[in-house]
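Visitor: I have a structure here, written as structure tokens, and I will follow up with some questions on it.
None of the figures in this text is laboratory data; all of them are computed from the coordinates on show. This structure is a prediction, so every number in the text was calculated from the model and none was measured. Note: ideal-geometry Cβ built from the backbone for every residue, glycine included; neighbour counts use all protein chains shown.
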Amino acid sequence: MEIIQSIILGFVQGLAEFLPISSSAHLILSSRLFNWQDQGLSFDVALHLGTLIAVLVYFRKDWYDIIVNSYLVKNLRSLKFKTKELKLDIFFIIIAATIPGVFAGLVLNDYATNIFRNPALIAMTLSIGALLLFYSDRVGIKKENFTALTLKAGIVIGLFQALAIIPGVSRSGITITAALLLGLSRTASARFSFLLSTPIILGAGIMEFPNLIKEGIDISILIGIMTAAISGYLAIKYMIRYVENRSYNIFVGYRIVLAIFILFFLL
């Protein structure tokens, strides 16, 4: 793979992973637009390692607090099971919310590799996702911080996240949509979505890492990962700043325009 291709795809992955516009869709479309050979799911997952670095670096203090204050760490010695505490434990909620996505990845991996990478399907999921995001941003009460989430609410968001196995849905977009519907503020929805991305990206990376090693890791892949890490960090930083005082309408509009572009030009 050419270095310039890795840089462009890494930049696209970093931005689109955290903006609610679908990173997988943009990676597929970028390759078609530049007439590149499809880089494949393994390379996509390699770029996800860059976004994993970005989210870990940006939320390093949050993750430290979440783990240190988790039920397991606080009760490491006594391990006294208190159901109420566990249901309100953000660390446990994030892990529980990750399970549906892991299950979807295991069951639908072959479809994600081949059938789901279809421009027509991407155009449809971009449009539907845009409408859902618009609706949730309009009707959500947008008051709660993510620390007010219950286990039940976390699992609901996790079920929505499982849909992101389909390119065009957008993992961040669909989880932000669910969080808004459950009453979280725009900023809290984005922050929880980004934190929730950590275990699912890590899990996907672990699953695909043997294939990546088999295919070989060269300088272009390393540059792609580094580029994704930098652009991902910037996307998180400015996305959170943006939604503090603004709606998600700009992303809704972008998704619709991109879907139209796909239908009229790429198909």
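Visitor: Pairs of lysine in segment 3-266 with Cα under 22 Å and at least 8 positions apart or on different chains: total?
Guide: Eligible lysine pairs with Cα atoms under 22 Å apart amount to 15.
Visitor: Separate question: Looking only at GluC sites (Glu not before Pro) in DSSP loops with at most 16 other Cβ atoms within 10 Å, what is the longest site-free stretch of the chain? Display every interim value, and only then the final one.
Guide: Working: sites that count: Glu2, Glu244.
For GluC sites (Glu not before Pro) (loop position, at most 16 other Cβ atoms within 10 Å), the longest site-free span of the chain is 3-243.
Visitor: Can you give the alpha-carbon Rg of segment 3-266 over 2.2 N^0.38 Å, where N counts its residues? Can you show the working numbers first?
Guide: Working: Rg = 18.0 Å, N = 264, 2.2 N^0.38 = 18.3 Å.
Against the empirical 2.2 N^0.38 Å value, I get 0.99 for segment 3-266.
Visitor: Can you list residues from other chains, or at least 5 along the same chain, whose modelled amide H is less than 5 Å from the amide H of Glu144?
Guide: Leu184, Ser185
Visitor: Also: If I model a spin label as a point 7 Å beyond the Cα along the Cα-Cβ vector, how far apart are those points for Trp63 and Val107 in nm?
Guide: 2.9
Visitor: Could you tell me the calculated FRET efficiency between Ile95 and Phe265, based on Cβ-Cβ distance and R0 = 30 angstrom, to the nearest 0.05? Mind dumping the intermediate values first?
Guide: On the way: r = 42 Å, r/R0 = 1.39.
Calculated transfer efficiency: 0.10.
Visitor: Starting from the 7 Å offset along Cα-to-Cβ, what nm value, one decimal, do you get for the label separation of Phe209 and Ile256?
Guide: 4.3
Visitor: Would you calculate the convex hull of the Cα atoms in segment 177-223 and tell me its volume per residue in Å³?
Guide: That works out to 95 Å³ per residue.
Visitor: Something else: How much length is gained if the chain between Val139 and Leu151 is pulled fully straight, taking 0.36 nm per residue apart and subtracting their Cα-Cα distance, in nm to one decimal?
Guide: Numbers: separation 12, 0.36 × 12 = 4.32 nm, distance 2.22 nm.
Roughly 2.1 nm would be gained on extension.
Visitor: Right, something else. Dipole of segment 3-266 (Lys/Arg Cβ +1, Asp/Glu Cβ -1, origin at the Cα centre): which of Leu27, Val73, Phe194 lies farthest to the positive side?
Guide: Farthest towards the positive end: Val73.
Visitor: Here's a follow-up. How high is the relative contact order of the chain, in percent, with contacts defined as C-alpha pairs under 8 Å that are six or more residues apart? Mind dumping the intermediate values first?
Guide: Working: 415 pairs, mean separation 102.1, N = 267.
Dividing the mean separation by the residue count of the chain yields 38 percent.
Visitor: Starting from 0.36 nm per residue, how many nanometres of slack lie between Arg32 and Leu234 once their C-alpha separation is accounted for?
Guide: 70.1 nm
Visitor: Run the helix sum for the chain: -39,500 (n - 2.57) per DSSP H stretch of 4+ residues, divided by residue count, reported at 222 nm to the nearest 500 deg cm²/dmol.
Guide: Values: 13 runs with 200 residues, N = 267.
The helix contribution divided over the chain gives -24500 deg cm²/dmol.
Visitor: Sticking with this one: Which angle from 0 to 90°, rounded to the nearest 10, does the C-alpha axis of helix 3-18 make with the longest principal axis of the chain?
Guide: On a 0 to 90 degree scale, this one is about 40.
Visitor: Which of Leu258, Leu234, Leu27 comes first, and how do the rest follow, when ranked by fewest Cβ neighbours within 10 Å?
Guide: Numbers: Leu258 21, Leu234 16, Leu27 25.
Ordered from fewest to most neighbouring Cβ atoms within 10 Å, Leu258, Leu234, Leu27 come out as Leu234, Leu258, Leu27.
Visitor: If I take R0 = 41 Å and measure r between the Cβ atoms of Met124 and Ile219 in this structure, what FRET efficiency does the formula 1/(1 + (r/R0)^6) give, to the nearest 0.05? Provide the component values of the computation, followed by the final result.
Guide: Numbers: r = 37 Å, r/R0 = 0.91.
With R0 = 41 Å, the Cβ-Cβ based efficiency is 0.65.
Visitor: Related question: Of Leu132, Asn245, Gly10, which is farthest towards the positive pole of segment 3-266's charge dipole, taken about the Cα centre with +1 and -1 on the beta-carbons of Lys, Arg and Asp, Glu respectively?
Guide: Asn245
Visitor: Using the alpha carbon gyration tensor of segment 122-267, what are the three equivalent-ellipsoid semi-axes (square root of 5 times each eigenvalue), largest first, in whole Å? Don't jump to the answer; show the numbers that get you there.
Guide: Numbers: eigenvalues 145, 84, 47 Å².
Whole-Å semi-axes of the equivalent ellipsoid: 27, 20, 15.
Visitor: Charges only on Cβ, +1 for Lys and Arg, -1 for Asp and Glu: so what's the dipole of the chain about the Cα centre, in debye to the nearest 20? Walk me through the intermediate numbers first.
Guide: Values: 22 positive and 15 negative charges, 232 e Å.
Charge dipole, the chain, about its Cα centre: 1120 debye, nearest 20.
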